[in-house]
Structure formats: structure tokens, C-alpha cells
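Asker: Sending over a structure as C-alpha cells; questions will come in a sec.
The values are calculated or read from the model by the stated rules, or taken from the named source; none is laboratory data. This is a predicted model, so every value here is computed, not measured. Positions of Cβ are backbone-derived with ideal geometry, glycine not excepted, and every protein chain shown enters the neighbour counts.
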Amino acid sequence: MLVPRSSGVLLHPTSLPGRYGIGDLGQWAYNFVDWLESAYQTLWQILPLGPTSYGDSPYQTLSAFAGNTYLISFDKLIEDGWLSPEDLADLPPFPRDHVDFGWIWTYHKYKLTKAYQNFATRATMPQKKAFADWCDANKDWLDDFALYMAIKDEHDGRPWVEWEAGVALRDPQALVDAQKRHVENIEDYKFRQWQFFTQWSELKAYANNKGIKLIGDVPIFIAHDSADVWANRELFYLDELGNPTVVAGVPPDYFSVTGQYWGNPLYKWDEMAKDGYSWWIRRFKAVQTQVDIIRIDHFRGFEAYWEIPTNEERTAVNGQWVEGPGIPFFRVIEAALGNLPIIAEDLGVITEGVEAMRDGLGLPGMKVLQFAWGNLPEANLFLPHHHIANSVVYSGTHDNNTTNGWWYSNETNEHIHHHIEKYTNNSVTEPNWTLIRIAEASVSHMAVVPMQDVLSLGADARMNTPNTSSGNWIWRMVEDNFTDREARDRLRDLTLLYGRAHGTRFIEYLHEHPMI
């Protein structure tokens, strides 16, 4: 998937500024698109957009198809008439620079229900028809999701395996009874999804019209406590009560002596193959409507994945590698949906088999510059002189520390510092801009840097620390960040210098500011 040399920024929408405790799809999202355009960026990378649950991770969502309704803009609901300013008069003093998920959960849930109630009583017939048509077009996932959420509410949010057997194991009569009990709540959840996808599609169109493509994440594995597993138990390794018998993770390595026990249920790939991987086709088809380029998280799992017996110790030591569906799986997807624009997240211990699958499919892999230093140069493919055009280079990812946080912590040492300074023939006084410059100069056809690095932020702005259960996913920009023209201009100038800018504004700039 070769595209013109491009540059972009990694920023999840929850990290945008705003009054309602979390970034949303309102004016600040449009301001960010304008900021990207003014910096000559043509890529906006986000994390998965699904509805988060306990732990707040966008990689452990309640659905692989539904949207995160925390992102619904209340201001847009006011514009559409489903909320009034008076409905939001009790706005709490939410923190500006981070998300307090416990606080926003109650407030957002209550206000979105209020919006649905206003819709139910005020909507015109054309508006009600538009809602009904959207629900019908998405019923293959929406009906199960809305029912699942309504039953989950009835059980105080507990995982579906803790519900009574009738609804947990989807006895037909129990489901009919649940649908009757929760008619209004089911419609409420459908309304929220309609609003999310309406607002998201409008934002995506705005970005695309400015020449900005969206890169979205598709995690290979999904959460056990999700509508998808509840509605498709036959596709996963579960016992008779619905509990996983084996789960996903990664084996012990240099970073962890016990490995990583993720706990996601594993797919029955043979079972999925019987109907031509229809669940996966629907999943990719859905994400195609949300983003322009798809990054597959833990791509290596399609070649082979680490299977761990379910255990209370939650360690990944006693696992085994199991062969995945490989290239034939992607050929089936390709036959159904065409040649999808995919980025392979090929980080970690990558074998020749994984490389052969990636290269056989012609997919770009990832080059993370924070991983490039301190090892023997000839062995480290993250070093810039080993990059290839069909790849994406990052200063760091959402799982890394910010570059400044990394540089000034015990994650680096004098050897790493010396290596970078010798490599660049410069003293490193601004680690973030050193790596951003290297990324922009790379031959990789796409360069993406986290917004925290553009803003020169430290470790307190880190988005996620793997293998930790608290303090993640909470960082937010503040309004003043948009007035930091120095950071924007430095990114713009590097993008211009290394040939990653294009579009109308770029041409206009060249006429006004010849580079040579």
C-alpha cells in the first residue's frame, strides 16, 4: 500500500479539549482538523472508536461495531434540538487536562438519555424515519448490541456470564421477554449509536474534504464481555457457561518474565472459515465506513498467536504458539471487500513467517524510533537507514512514553543518548524534535507522531502504560495548545523540508515562500 509521502499526527478524540469532561466530535474536533491542515498534515491517526468499559481501554470494548458514545457532542445535540442549554445547566467542573471516567460516566449517560427522550417526543416524522432507516441498515450488529446493553444495565453492568442462564446463553424465549421489558432502553441505545455515527461521518467528511485521511485501529482480539462474544459464542473457545477456556496474550520476553495475559477469548478459526469469515467481513466493512486506512493491532496473531489456558494467576508463562489463518484469510477478505488499505502493526518478536505474510500481502509495517537505539545497528531494523518506503515511521505510539518522558527516564541510558547524538551528529537538547525530524526525513512513505511529542510534553502526558490497570487513556489537550503556533510551524516546516506536504495550501505556500 504505497501512498504519496505523507505526514500526520496520532491523537485519539477523547484527548481533545472541551467542556464536557472528555474530548468529543464537536467544535474542537473540527478545530483540530483545521490545525492539521494548517500544519500541512494529511493523516490523523486515532485509537479504536468502540464503547469502553471497566479500565476505559479502547482496546477492550463492549462491541467491535458500536461507537463510543462518550464522544457524542452535546453542543451538536443542542444544535439538532435534542438537548437545550438548560439541560446542561448543571455541568460539573470537569478537569480540563485529563479525563475522569468515573465522573463522566454518570453525567453522559443521564444527558444522552435526556436527548433520546426529547427526540422521542419532539422528532418529526422525517426525523423518525431517518432514525428507523439507519437502524434497519445496521441491524446486523445494532439489535444484539442494544439488547445486550439493556440487559447489562438490568444487571448493574456485570459481565454477561454473570447474568441468569436464560439471557446469558440466549434462550430464545428469555431474549423475547428481555426485549419486551426493555423496549425504551433498547431504543435509547440505538439512538445514541445513530447520533455517534452521524456526528462521526460528518467529521470524517470534513477532514477528507481538506485532504486529511483518517487512520483507525482494529484490534485483532475482542473483549470477552462484549455483545460480539455474547451473540456469537460458537465462534470462540468457551465452556458451556460461556467462560473462555483459552485466552490471548504474549509469551515471556525481555520486558516481562511472566508475559502478558490479555484474557481475550480466542477465535475458532476453523468455524469462522465455514461461512467465509462473514463476521470478519462485516467487521472490516464497518470500519471501512469510519476511517480511510486500517491499522491492524497485533497483526502477527494472524500468522500465529499465543494461546494461554485460562488461569487465576493471570500469567502467560504456560502457553503455546498456535497457527493462525494466515494469508488465505486476507485473500477471502480481499475477494469480498477489495484491496483494503491496511497497516500491519508488526511490533514485538516478529518471525520470518510474520514478515512473509506482511510482505506477501504488500502491507506496510511500523518503524518506532524509540526502539531504534542502543542495539547493534546492523540488527536493528528500526534504525532509519534500514527503513523501507512501504512502512510507517513513528517517534512513538500510544503505548510508548512521550519522547521527552522516554529520554529523561530510566527507559534510556547514556549509551542510547550517545548513539542518537552520534547518529545525528548533534547534541540532543530537544529529544522530541530530534525524533520528529528523523521521522519526517525517513524514506518511510508515512510518518506519524503523537500530539504529545509535537507539544514537547513529558511523561505526565503519556497515554498508556502496558500491563498497568489505572491512570491510562486520560490525557487531554487544553485549549491553549491550539494557539501554540511555534509547535505547529515547526512541524509544518519539517513536513515541507522532507517532501511530505501536498495539496492546494502547500502549492500556495511554495509560491509565497520558495524553499530554494
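Asker: Can you tell me which residue is modelled with the lowest pLDDT among those in segment 343-357 that are among the β-branched types (Val, Ile, Thr) and outside any helix (DSSP H, G or I)?
Answerer: Out of the qualifying residues, it is Val349.
Asker: Can you tell me how many residues within segment 316-342 are outside any helix (DSSP H, G or I) and farther than 21 Å from Gly263 by Cβ?
Answerer: Residues flagged as outside any helix (DSSP H, G or I) and farther than 21 Å from Gly263 by Cβ within segment 316-342 amount to 7.
Asker: Do we find that Gln193 is assigned to a helix (DSSP H, G or I), in contact with a helix residue (DSSP H, G or I) (Cβ under 8 Å, 6 or more places away or on another chain) and either modelled with pLDDT under 95 or surrounded by fewer than 17 Cβ atoms within 10 Å (Cβ to Cβ) (or both) in this structure?
Answerer: When the stated conditions are applied, Gln193 does not pass them.
Asker: Are any of the residues in segment 363-386 farther than 30 Å from Thr402 by Cβ and modelled with pLDDT of 95 or more?
Answerer: Within segment 363-386 (the criterion being farther than 30 Å from Thr402 by Cβ and modelled with pLDDT of 95 or more), the answer is no, since none of the residues qualifies.
Asker: For segment 104-154, enumerate the residues that are outside any helix (DSSP H, G or I) and more than 30 Å from Glu164 (Cβ to Cβ).
Answerer: Correct list: Ala123, Thr124.
Asker: If you don't mind, another one. If I filter segment 343-353 down to residues being buried (at least 16 other Cβ atoms within 10 Å of the Cβ) and not acidic (Asp, Glu), which single residue comes out as farthest from the chain's Cα centre (by Cα)?
Answerer: Step by step, filter segment 343-353, then rank; the result is Ile350.
Asker: Let me ask you something else. In segment 354-386, what count of residues is obtained for those that are in contact (Cβ under 8 Å) with a residue 40 or more places away in the chain, surrounded by 23 or more Cβ atoms within 10 Å (Cβ to Cβ) and within 16 Å of Val443 (Cβ to Cβ)?
Answerer: 3
Asker: I'd like to verify a number: residues in segment 196-222 that are basic (Lys, Arg) and assigned to a helix (DSSP H, G or I), how many?
Answerer: Selection size over segment 196-222: 1.
Asker: For residues in segment 468-479 being assigned to a loop (DSSP other than H, G, I, E, B) and out of contact with any strand residue (DSSP E or B) (no Cβ under 6 Å at 6 or more places or on another chain), which is modelled with the lowest pLDDT?
Answerer: Residue satisfying both the conditions and the ranking: Ser469.
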